[in-house]
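In what follows, a structure is listed as structure tokens, so that the remarks can point back to it.
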Amino acid sequence: MGQFQLLPSKPGLGINQPTCPQNATRLLQDQDWNDAKDGAEKIGKQVGRIFATCEKLMEAVTRPSDLELQGLYDENPGALEKVFNMCAKELDAIPVMPAYDDPWLAGAALRGFEAGVRRWRG
């Protein structure tokens, strides 16, 4: 009868050299995937919130009022620039997403980012 081994060994690395069991490796890979997805989703939510807020501000600034239509109020050209600057400042404050060499993790991050943005953008 064969001897029970908790951790299988790799013949090329010498006898009794432990390696990770397959299930543990899969759990670590799943955890990495979830971490990449969750981190990117968090950033996506921030970006989506800022875009949604800035779109509403832009509509409010560019929508003509009744006074403007009657020619009684001149449009404030600085208001639009203020909105752009505020939005740019908020977007710059968002942390940069990590770059993944592994296409599997990069796909997880993309999926998470898109899900986060969709929550705000509908």
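Below is a table of values for the structure above.
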read-out	value
Hits in segment 76-91 (condition: at pLDDT below 75 and either loosely packed, with under 12 Cβ neighbours inside 10 Å or under 22 Å from Arg119 (Cα atoms) (or both))	Asn76, Pro77, Gly78
Yes/no for Pro18 being in contact with a strand residue (DSSP E or B) (Cβ under 7 Å, 6 or more places away or on another chain) and either at pLDDT below 70 or over 25 Å from Ala115 (Cβ atoms) (or both)	yes
Residues within segment 92-105 that are exposed (fewer than 11 other Cβ atoms within 10 Å of the Cβ) and in a loop (DSSP other than H, G, I, E, B), tallied	4
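The values are calculated or read from the model by the stated rules, or taken from the named source; none is laboratory data. None of these values were measured; they are calculated from a predicted model. Positions of Cβ are generated from backbone atoms using ideal geometry, with glycine treated the same way; all protein chains shown enter the neighbour counts.
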